[in-house]
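Peer 1: Handing you a structure now.
The values are calculated or read from the model by the stated rules, or taken from the named source; none is laboratory data. As the structure is a prediction and not an experimental result, all values here were calculated from the model. Virtual Cβ from ideal backbone geometry, glycine too; neighbours counted across all protein chains shown.
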Amino acid sequence: MRAHLADFELTVATDLTAALTLLANGSANGESWHPMAGGTDLMVLFNAGRLPYRKLVSISKLGELGGISVSPDSVSIGAGVTYSTIQRDPILQAEFPLLCQAASWTGSPANQNRGTIGGNIVNASPAADTPPALLVYDAEVELTSLRGSRRISYDQFHTGYKAMQMRPDELLTKVHLPRRDHALKQYARKVGTRKAQAISKVCFNAAAQIDSSIVRSIRIGLGSVAPVPLRCHKVEAVLTGQPLTVALIAHAREVIAQEIKPIDDIRSTSQYRSLVTQNLLGEFLGSLL
């Protein structure tokens with residue numbers, strides 16, 4: 001059953017302050033407003049008659065949420081920046097290719113022209129494409145309300161399935177990526193039913209710094225294998241500072257199998273997800289030998 005349009009209220013925010021004021025007033029009065037940017041996730045729920053929000057505020061025209069800015073230490077991406085814009089940006093292509101790859105995986109070209117990185121994050125799906133890359137790049141998210149702004153490590157942002165460290169009166173306004181002065185070996189794989197427009201069964205992103213066969217640093221981010229996008233700290237700890245060997249890779253496979261928490265669902269089984277995750281880790285680490 002499709003939703004009935006008259007059951008919903010939509011207002012368009014003219015600027016960031018107007019949007020934040022509406023969120024703050026709604027939170028105080030118990031009339032919560034839900035932000036909508038590209039709408040690519042919300043419209044799926046609307047068409048299915050399962051959209052739980054009745055009051056929507058469009059933030060798609062807010063200039064404060066646009067743009068990609070570069071400093072010597074970081075690259076900041078506005079929450080309203082689309083996947084298409086991310087794919088075309090030369091700095092992101094050069095320094096954060098995993099994020100550009102993830103943006104190219106997200107839906108159809110039409111969705112990529114509308115969907116935003118902020119929307120992908122706050123939709124909070126553990127199967128989303130961009131979060132594993134953001135975990136690998138040690139991203140921070142900036143949350144803004146009328147009380148001011150605060151930054152949180154993206155690794156700490158998701159607290160459970162569809163649960164986040166974001167208050168009802170806050171908007172996600174920026175994503176910050178620290179720049180590095182050393183080369184990284186980077187790797188990304190999305191395993192799905194088909195190559196395009198498929199929700200991932202496993203999404204694997206990793207980056208490592210290798211020096212004389214020693215793993216100096218490594219970051220591993222996964223999607224679709226836990227209730228939240230997962231940073232694999234235990235596997236990273238096992239590998240960091242160690243000479244990379246066949247025996248160490250075998251041990252790392254065992255550790256990651258224990259660290260992930262895959263489930264059975266209509267797209268795959270927990271056993272398949274576990275095996276694929278181990279194989280992808282082995283493939284990445286094997287490429288570093």
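Peer 1: Among residues belonging to region 1-16 that are in contact (Cβ under 8 Å) with a residue 24 or more places away in the chain and assigned to a helix (DSSP H, G or I), point out the one that is surrounded by the fewest Cβ atoms within 10 Å (Cβ to Cβ).
Peer 2: Within region 1-16, the match that is surrounded by the fewest Cβ atoms within 10 Å (Cβ to Cβ) is Asp7.
Peer 1: Inside region 104-117, can you point out the residues that are touching a helix residue (DSSP H, G or I) at 6+ places or on another chain (Cβ under 7 Å), within 15 Å of Pro132 (Cα to Cα) and touching a residue at least 24 places away in the same chain (Cβ under 8 Å)?
Peer 2: Once the filter is applied, which keeps residues that are touching a helix residue (DSSP H, G or I) at 6+ places or on another chain (Cβ under 7 Å), within 15 Å of Pro132 (Cα to Cα) and touching a residue at least 24 places away in the same chain (Cβ under 8 Å), region 104-117 yields Thr106, Ile117.
Peer 1: Does any residue in region 251-267 that is assigned by TED's automatic domain parsing to the domain that holds Gly282 and outside any helix (DSSP H, G or I) come within less than 9 Å, Cβ to Cβ, of a residue that is at pLDDT 95 or above and loosely packed, with under 14 Cβ neighbours inside 10 Å six or more places away or on a different chain, and which pairs are these?
Peer 2: Close Cβ pairs (under 9 Å, with a partner that is at pLDDT 95 or above and loosely packed, with under 14 Cβ neighbours inside 10 Å) amount to Pro262/Thr269; Pro262/Gln271; Ile263/Thr269; Asp264/Gln271.
Peer 1: Still on this model: Look at Gln258 and say whether it is more than 16 Å from Val136 (Cβ to Cβ) and modelled with pLDDT of 95 or more.
Peer 2: Answer is yes for this residue.
Peer 1: Follow-up. Can you tell me which residues in region 252-283 are of a type outside the set (A, V, I, L, M), surrounded by 15 or more Cβ atoms within 10 Å (Cβ to Cβ) and more than 14 Å from Val202 (Cα to Cα)?
Peer 2: Within region 252-283, Arg253, Glu259, Gly282 meet the criteria.
Peer 1: Is region 84-96 home to any residue that is among the hydrophobic types (A, V, I, L, M, F, W, C), surrounded by fewer than 23 Cβ atoms within 10 Å (Cβ to Cβ) and under 28 Å from Leu281 (Cβ atoms)?
Peer 2: yes
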